[in-house]
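The values are calculated or read from the model by the stated rules, or taken from the named source; none is laboratory data. Note that the structure is predicted; figures quoted are calculated from it, not measured. Cβ atoms come from the backbone with ideal geometry, glycine included; neighbour counts cover every protein chain shown. Accessible surface areas use protein heavy atoms only, side chains included; no ligands, DNA or RNA. Shrake-Rupley method; radii C 1.70, N 1.55, O 1.52, S 1.80 Å.
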Amino acid sequence: MAEGFERELEELKKFLGEWTAAASNEVKPLLHWQFLGRSKYFRPVTLFACHCAMSEEPVGEPQIRVAAAIEMVHNVSLIVDDILDRSRFRRGILTMHCRFGLLPALMTSGYITADSFALVKRNPFNTDCIAELYKRLAAAENLQWRLRRTPLGVEDWRIIAGEDTGSMFEIAACLGTGDEKLRRFGACLGMLYHGCDDVGDVKGAVALGGGGEEDLRDGILTLPTAIAIRDPETALLFRNPTPEGLQLLLKKLEEALPAAERYLDSIAEEAIAEAKRVAPFPDGLIALVHNTRRLSA
């Protein structure tokens, strides 16, 4: 995913390392634990790719700063998600609240939020983008929770995915170009990422013999679920889960995977068409779409 942006990512890691080193001693260990060494940097790479698709100027310090800001927003969302999901581990490492405690984790998420705005305060467009992203992520989490166990369709999934993961990539695209030109591309890429993650979670749960069922347990509408619950009996399983019913529902989601993969192909085609329509130099964006599409494997 980082192919072609190794230099930029090294500069981003250096920036985040210096930011962590300059932080209050009360939060420094938590920031180090959360930020250094574990991120895949999908959103900063999206930002860099969008910049390069619209400009012949290389990625510079302004893009590194906004990439750091969006990485901060992303990590705030991870901290909150891990607390709500009662997750003990992320990528094989103890989550922040399990390592340091609930109150320190919550307070540190507020510290990160403040510094994400401090990074972009001199640019009104960037400030508006970060503010928009925080608000949309908050609303999206409320929406997902309010609609849990509600048997909805694929178009409803698109709305949820577009406001959840989609908004993050959408804003990354805007921050990368400094305008709205690749906003729709970013939204498509974010939906693609969200859907690939949905499919990968089902494949992982099947491979683990039923593990990794947080979305099933909480009744969250994923892409495979939206396809599977077109069947009325499967919709009933989704609405009224039992331990036995969850295993049967997982089997139904596995059966829906081929249709979900085809739908993801169509989203990838949307993203590529948008890149070709808007960007003077779309090759990097097209490669990004192909790399993202492979994530469901």
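For the chain, the membrane-span-like helix rule (DSSP H, alpha carbon extent of at least 20 Å along the helix axis, mean Kyte-Doolittle at least 0.0) picks out 61-84, 102-120, 183-207; this says nothing about an actual membrane.
Using a probe radius of 1.4 angstrom, the carbon and sulfur fraction of the accessible surface of the chain is 55%.
Per residue, the solvent-accessible area of the chain (1.4 Å probe, heavy atoms of protein chains only, all protein chains present) comes to 46 Å². Pairs with C-alpha atoms separated by more than 19 Å, drawn from the list Lys13/Lys276; Lys40/Lys121; Lys14/Lys40, are Lys13/Lys276; Lys40/Lys121. The Cα atoms of the range 95-169 give a gyration tensor whose axes a ≥ b ≥ c have a/c of 1.5 or more with a/b no greater than b/c, which makes the shape oblate.
Here Rg/Rh (Cα atoms, Kirkwood Rh) was calculated from the structure, and among [x] 0.97; [y] 1.13; [z] 0.94 it sits at label [x].
Taking every DSSP helix (H) stretch of at least 4 residues in the chain, weighting each as -39,500 (n - 2.57) and dividing the sum by the residue count yields a mean residue ellipticity at 222 nm of -24500 deg cm²/dmol. Projecting the Cα atoms of Phe281, Ser87, Leu143 onto the charge dipole of the chain, computed from C-beta unit charges around the Cα centre, puts Ser87 farthest toward the positive end. Shape class for the range 178-297, computed from the alpha carbon gyration tensor (a ≥ b ≥ c): prolate, with a/c not under 1.5 and a/b above b/c. One equal scatterer on each Cα of the range 30-128, no solvent, Debye formula: the resulting log10 I(q)/I(0) at q = 0.12, 0.20, 0.24 Å⁻¹ is -0.44, -1.00, -1.25.
Among Arg184, Arg158, Arg91, the largest mean-square fluctuation in a Gaussian network model of the chain, built with springs joining Cα atoms closer than 10 Å, belongs to Arg91. Between Thr242 and Glu269, the simple spin-label model (points 7 angstrom out along Cα→Cβ) gives 4.2 nm.
A cut-off under 14 angstrom between Cβ atoms defines the neighbours of Pro62, and their net charge, with Lys, Arg +1 and Asp, Glu -1, is -2.
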